[in-house]
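The values are calculated or read from the model by the stated rules, or taken from the named source; none is laboratory data. As the structure is a computational prediction, the values presented were derived from the model and not from experiment. Using ideal geometry, Cβ is built from the backbone for each residue, glycine included, and neighbour counts are taken over all protein chains shown. What goes into the accessible areas is simple: the full protein's heavy atoms, side chains included, and nothing from ligands, DNA or RNA. Shrake-Rupley method; radii C 1.70, N 1.55, O 1.52, S 1.80 Å.
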Amino acid sequence: MFQRDYFMRMIEQMTEAVGQILQLRRERKQEEALLLLDELLDKRFRLSSKLIRSLSDEDLVRMMTTNGLLESDQLGAIAILVRQEAELHGELGREDESFVLSIKALHLFLRLSLADTETVIVNPNEQIAELLEELLPYELPVHTKKLLSTWHEAEGRYDQVENMMHELLDDRVLSAAEATDIYRRLLLQDDERLAAGGLPRQEIVQGLRELNDQYKLG
């Protein structure tokens with residue numbers, strides 16, 4: 001009962017806070033909204049925007065993990081606020097800051113989705129889809145591509161795993177041997193699941209053959 005009341009209060013507080021931020025955005029008071037957001041991060045999580053930027057997504061996940069259990073709604077709330085801050089900086093013409101924060105929010109939602117824990121406060125996959133759409137004009141960092149590849153595989157989107165794999169090969173941060181391992185791991189799935197994931201078995205076999213021809217693998 002206590003836990004349920006706690007989550008309900010958190011949802012109410014987050015809904016109210018985001019509503020206030022959105023109202024300030026409509027009034028073109030973005031700087032005030034940024035101050036409100038930082039106050040909320042400090043009051044609710046003992047964090048600041050500056051600290052969140054300095055920490056990796058792995059660090060934030062560790063901070064939100066107690067006795068091996070991820071406090072998923074806490075992490076979701078932080079991710080929501082980081083995305084709001086990204087949008088505020090975008091509206092102020094600070095494209096670089098907006099991009100960095102959008103990537104941070106994307107990483108947090110990806111981590112939340114991969115944790116596969118129940119979240120009341122947010123649907124991480126919806127947030128991921130929206131952020132990926134917004135980030136289409138940009139070249140994503142290598143770390144983001146790797147995390148996306150892991151997420152696509154967990155979600156059964158094997159065609160997207162292959163796309164990310166080729167991007168990482170082009171970026172020279174993934175070896176041909178590692179790419180081969182990805183293909184071989186996918187081959188462990190049954191034919192129906194592979195077809196549903198957009199990458200039928202015969203295409204994987206063909207991909208392996210092409211990798212071998214291009215990189216002269218043994």
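Residues in the range 184-189 carry Karplus couplings, in order, of 5, 5, 5, 5, 6, 6 Hz; the curve used is 6.51 cos²θ - 1.76 cosθ + 1.60 with θ = phi - 60°, and Gly or Pro positions show x.
Proximity of backbone amide H atoms, modeled 1.01 Å from N, is registered between Leu47 and Asp42 at under 5 Å, excluding neighbours fewer than 5 places apart on the same chain.
Here Cα Rg over 2.2 N^0.38 Å was computed from the coordinates, and among (1) 1.22; (2) 1.13; (3) 1.17 the match is (3).
Ligands, DNA and RNA are left out, and with a 1.4 angstrom probe the accessible area of the chain is 56 Å² per residue.
Annotation for Asn67 and Asp42: the two label points, set 7 Å from Cα along the Cα-Cβ direction, are 3.2 nm apart.
Couplings for the range 147-161, taken from phi via the Karplus curve 6.51 cos²θ - 1.76 cosθ + 1.60 with θ = phi - 60°, read 5, 4, 4, 4, 5, 4, 5, 4, 8, x, 9, 6, 5, 6, 4 Hz in order; Gly and Pro are left as x.
Which is the longest part of the chain that has none of the GluC sites (Glu not before Pro) sitting in a DSSP loop with at most 16 other Cβ atoms within 10 Å? No qualifying site falls inside 140-218, the longest such stretch. Can you flag which of Lys50/Lys145; Lys50/Lys104; Lys146/Lys216; Lys43/Lys146 are past 22 Å Cα-Cα? Beyond 22 Å: Lys50/Lys145; Lys146/Lys216; Lys43/Lys146. Distant-in-sequence amide contacts of Leu135, defined by a placed amide H-H separation under 5 Å and a gap of 5 or more residues or a different chain, comprise nothing. Amide H to amide H, with H built 1.01 Å from N, Thr65 comes under 5 Å of Glu71, counting only residues 5 or more places away or on other chains. Kindly identify the range 50-98 as rounded, prolate or oblate by the Cα gyration tensor criterion: order the square roots of the eigenvalues as a ≥ b ≥ c, call it rounded if a/c is under 1.5, otherwise compare a/b with b/c, prolate if a/b is larger, else oblate. Verdict is prolate for the range 50-98. May I ask you to list the trypsin sites (Lys or Arg not before Pro) in the range 31-100 that are in a DSSP loop and have at most 14 other Cβ atoms within 10 Å of their Cβ? Passing both the DSSP loop test and the Cβ count: Arg46. Among the protein heavy atoms of the chain, carbon and sulfur supply 49% of the accessible surface, probe 1.4 Å, non-protein parts ignored.
Residue-wise HN-Hα couplings along the range 34-51, as the Karplus relation 6.51 cos²θ - 1.76 cosθ + 1.60 with θ = phi - 60° gives them from phi, are 5, 5, 4, 5, 5, 4, 5, 4, 5, 5, 8, 10, 6, 10, 10, 4, 5, 5 Hz; Gly and Pro carry x. Taking a ≥ b ≥ c as the square roots of the eigenvalues of the Cα gyration tensor, the range 14-143 is oblate, since a/c reaches 1.5 or more and a/b is not larger than b/c.
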